[in-house]
Ligand code: FES
Ligand code: FES
C-alpha cells in the first residue's frame, strides 16, 4: 500500500471491534444442530410437491395425462404447466427484444426446453405419496432437435422460443480507444482462435427449498425460502402472480450456501404459491433433490471467445484486444441478459490496455438456465484476459511474472479509470505479486522446475491476477435495455433499542454463511462503544421487518460496503437519538455525554455530573414510561437507514460509466505437476493473496478466500456441467459431478494486502466471490507445464483425460479444449 | 405404482433417549430422525450417498443416515449432532470447529462433527492425511476444508485432554468407540 492510499482512505473512527477476528455469532446455533434451514420448518397441514420433469432437452408436449395421479392416495392437487400458465403472467424479461419476447412460465407449457424442466407438479399429503403419484403421470413428448452449443444456437437452425423467433438473446459492440490504430502500430499481433469457459455450478450443499402459503382470506402470500435475492424475486413474482408486492411476505433464516445459484429459484416459488391457493391455503413445501438441483436449478454461464487478436508493443505491453464473446445462458434468460454487461465491470482486468473491441452476444440453448454463480460474468471475462496475457507471455518468451508486471495498472495510477469509465478504487497488483512470490518461494521453484523438466517431468507454475468487483450499479442494466427501470445500489438496515433496551439489528441482506450477524455486531459495537455480544442481529431476511430496499440481497460482493454502511448509518442515527434522549433524562449537555458500558449494561454517562442512564432506562422512557416526554423530543429509538452507493446512470450510447464501487483483487500462484503415467494434474503448491481493502473480520475474510479458492480449483480440475449432443446432462448427481472434497483440496498459503477503498466509509471492499482466481491460475500453471510440449490451454476445465488427449492427439485436435500450439 | 410398505414397530435410542415408533419399512433413518423425532440438525444434501450432511453415529460408527433404513437402527443407539453438547456446554470437537472458523453456512457441520467423533474414537492422534480420509465423504461447499483440517487436528488434542481429565468430550467420543 502506498502512502497516498493510506491518506486517501477515510478514517473509520475509533475501531475496537472492526478489524478483529471476533468469533462468529452464528456458531451458537449452527454447531448444535439448531440452525433453522427452510426444510426444518414444521407448519401444520403442510402438503408436499413432487415435480414431473422432462427427460428430453427439447420436445413438444404432445399430451399430458395426470388423471391417475390426481386420483392416487393422498394427492391434493396436480397442476400441469398449461394450467399454471392460465393462472399467471409470464415472468418479466429484463432484456429488450428479441430476448424480451421469450415467454418464461413457472413450468413448461407446450414445449420443454431443457432436461429436467418441470411439466407438472403433484401435491400430496406426504412426499412419499407425491412421489408415488408423480410416477403415474403420463407425458408424451415429440422430440425436437436439441441445441447445446451457443454458437450453433445462433444459427437458429432449431429455435427454442417461437415467441422470440431467434435464439439470440442480446448482442452489442463494446469499443473503446483506437483499436485499429493500435493494431497498425503493433510490434506483435497474436491470434487465438477459440477459448472456452465451461459450465459449472457452486452447488450449495443445501438444495433449493420453498414453503409457500397463499392465504385466501386476506390474499397474502407467505414464503419461507432460501432464495438469496428475495427483493428481486418478489419483483418478479408480484406481476406474475397478480398480487401487490406488499402482499408477498418472504422469510429466510439460515441458508446452506447459495453462491448466487439460489437467486433464480422463483419459478418454483410461484408453483408452490399457486398450489397452496389451489389447496385452500395449506402450506405447500418443495424440497429439491440433488439430482433436481443439478439438472434444473441453475448453472454458471458458459462462454466461448472467438477470433481473439492481441496487439502488443516491442516490450510485450498489450495495446489492444479484439474478440467475439458468445455467452450461453441455457434455456431461459431469467437474471440474464445482465451477464452481457456485468463482465464489463472488469473490461481490462488488472491491465492497462486502452484499446478494446469486444462483440458480445448471448444465446439460449437446450440446457439448464444459468444463474449468477459466484464470480458471475466477470470470472469468464477475467479468465479470458488471463489466458490472453499468459499465452502472449509464452509466445514472446517473457516470464509470467514479468509479463504481468509490464501490463499491470500501477498503484500510483489509482483511482484508475478504465477505458469504459469504471473507476478502480485502489490496489497494488505488483505488490500482491511480490507477496505471493515470496509465499510460494518463486525463485526456488524456478530452479526445481528446471531440474524436474530435465528429468522429463511435466511441471509448471502459473499466476492468476483477478478482480472481484463489488457493489454493482444497476444502471448498467440500461446499457442492455434502455427501458430497464433499475439503477444505483442500496441496502437498508434498522438498529433499535427494544422495549427493554436490547440493541436489535435487522438488515436487508440474506446471509448464507458469510457471518453478517457477526460483522454487523462489530460495527454497531464500535458505534455505541459496547461489546458485540450485547448486539442482537436478527438472523436471515424478512420482508416484514421493513428494512429492505429493492436491491436487498446477498450477491455481487457487497455486504462489507452496502450492508455495513447501512448498519453503520442506522447505528449512528440511533446514537444521535440516544444522545438527545439522555441529555434530556440526565439534564446534561450532549457534548458531555459518553457512550459505554456500566455496571448495568450499555449506558450513556454525563461526564460532568457522573450520572448515567442505561439502555433499559432510555428505552423505558420512550416506549412504556413516556408521560412527560417533551413533544419536541422526537425520537423512536427505532432507526432505519438506507445506504445508497454514489452512482450515476452510465452513458448508454457509449456504454461508459462507473459500473461498480469497489475492486477487491486476488493474486494466486499454483505449482502443478502432471503425472506422466496417469496424466492427473496435481497441485504441489498454492498461494492466495487477497486485497479487499480494510478488513472487517480477518478470520471471516480468510474463510471466504479459502472457500472461493476451493470453488475455483474444483471448477478448473473436476466440476463440469457437461451435456451430450442430445442435451443430456452428464453429471446429474454429486457422484458424477464430484464437488471438490478433502481428498483433493490442497492446503492454501494465504497472504493479504490492505488497500483501503476511498469510496466506502470504512475503507472496506466487497469480497467473497473471488473472481475465480484459481481457474485462471490452474490454467496458467498447466500452460507452463505443457507449453514446451506444444499444447495451448484453451478450456477452463482440464482433467487427466483432456491433458492425455491433448498430448496424444497433438496436431490433430485444434478446435477443442486444450489445443495444439499453432 | 410401488407397493405401500407394511408398518414395522421399532425401538431406537437416540441421544440417550429411547423412542418407540410405528414406521413404514421403507423409511430412511435420516427421515426418522428429522421427521419423526424432529431432530433437524441432521441434514440432507444429496441423493447418492455422497455428501455426508446426514452423518450420524449408529452404534458408535458413523453412517450416512440417508443410506440406512430406520429399521436397521432398531434396538440400536444413535447419536446425532444434538447429542454432542452436554448441559449446554459444547463438546470439545464443536469448540474446536468454533475456534477455527471451520464453518460458514453450517449445513455440512453436523455431519462433519459426527465423522470427527468417529475418527477420534478410533484414532486419537490423526495425521492430516488421516483427517482428510476420515472426512472424504463429507462435502463442504463453503469453507474449502482448510479450517476444518485445523479444527479436527485441534479437536484431537482437546478430546485427548478431556479424556485424561475425565471431563465432557472424553466420554462422548468414547461412546463412539467401535463395538
Ligand atoms: S444426504 Fe446422505 S450422503 Fe448426502
Ligand atoms: S459450511 Fe456451508 S457447506 Fe460447509
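Quick look at the numbers
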read-out	value
Region B:7-83 - share of DSSP beta bridges that are antiparallel (%, nearest 5)	90
Label-to-label distance, nm, for residues given as residue A:191 and residue A:359 (7 Å Cα→Cβ offset)	1.5
Peptide A:202-212 - average C-beta neighbours from other chains (10 Å radius)	4
Average beta-carbon neighbours from other chains, 10 Å sphere, peptide A:729-742	5
Label-point gap, in nm, between residue A:724 and residue A:788 - each point 7 angstrom along Cα→Cβ	4.1
Helix-only CD estimate at 222 nm, as mean residue ellipticity for chain A, using -39500 (n - 2.57) per DSSP H run (n ≥ 4)	-8000 deg cm²/dmol
Distance between region B:121-164 and region A:77-91 - C-alpha centres, whole angstrom	49
Rg(Cα) / (2.2 N^0.38 Å) computed for the protein assembly as shown, rounded to two decimals	0.94
FRET efficiency for residue A:649 and residue A:97, using Cβ-Cβ distance with R0 set to 22 Å, rounded to 0.05	0.55
Computed P(r) (all Cα pairs; region B:92-178; 10 Å bins; percent)	20, 56, 22, 1
Packing-based ranking, highest mean first, of B:140-149, A:520-529 given that Cβ atoms within 10 Å are counted	B:140-149, A:520-529
Spatial separation of Cα centroids for region A:283-356 and region A:673-697, in angstrom	22
Two-site label geometry, residue A:219 and residue A:678: point separation in nm, points 7 Å out along Cα→Cβ	6.3
Contour excess over end-to-end distance, with Cα ends at residue A:178 and residue A:402 and 0.36 nm allotted per residue	78.1 nm
Ordering of A:68-75, A:205-212 by packing [mean C-beta count within 10 Å, highest first]	A:205-212, A:68-75
On Cα atoms only, tilt of B:146-165 relative to the major axis of chain B in degrees	90
For chain A: relative contact order, % (alpha-carbon pairs under 8 angstrom, 6 or more apart)	16
Inter-centroid distance (Cα atoms) of region A:363-431 relative to region A:699-758, Å	19
At R0 = 25 Å, FRET efficiency that the Cβ-Cβ distance of residue A:159 and residue A:324 yields, to 0.05	0.70
Average partner coverage of A:702-709, which counts Cβ from other chains inside 10 Å	5
Value of relative contact order over region B:7-83, rounded to a whole percent, pairs C-alpha under 8 Å and six or more apart	39
Residues B:47, A:328, A:675 arranged by fewest to most Cβ contacts within 10 Å	A:675, B:47, A:328
Rel. contact order, % - alpha carbon contacts under 8 angstrom, at least six apart, region B:92-178	44
Mean projection area, nm², convex hull over Cα of region B:7-83	4.3
Mean Cβ count within 10 Å, highest first, over the residues of peptides B:105-117, A:53-65	B:105-117, A:53-65
Segment residue A:16-residue A:576, extension gain: residue separation times 0.36 nm, minus the distance between their alpha carbons	199.6 nm
Cβ-derived FRET efficiency at R0 56 Å, residue B:67 paired with residue A:594, nearest 0.05	0.40
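Coordinate-derived values only; no laboratory data. Everything numeric in this text was worked out from a predicted model, so none of it was measured. Note that we place each Cβ from the backbone using ideal geometry, even for glycine, and neighbour counts take in every protein chain shown.
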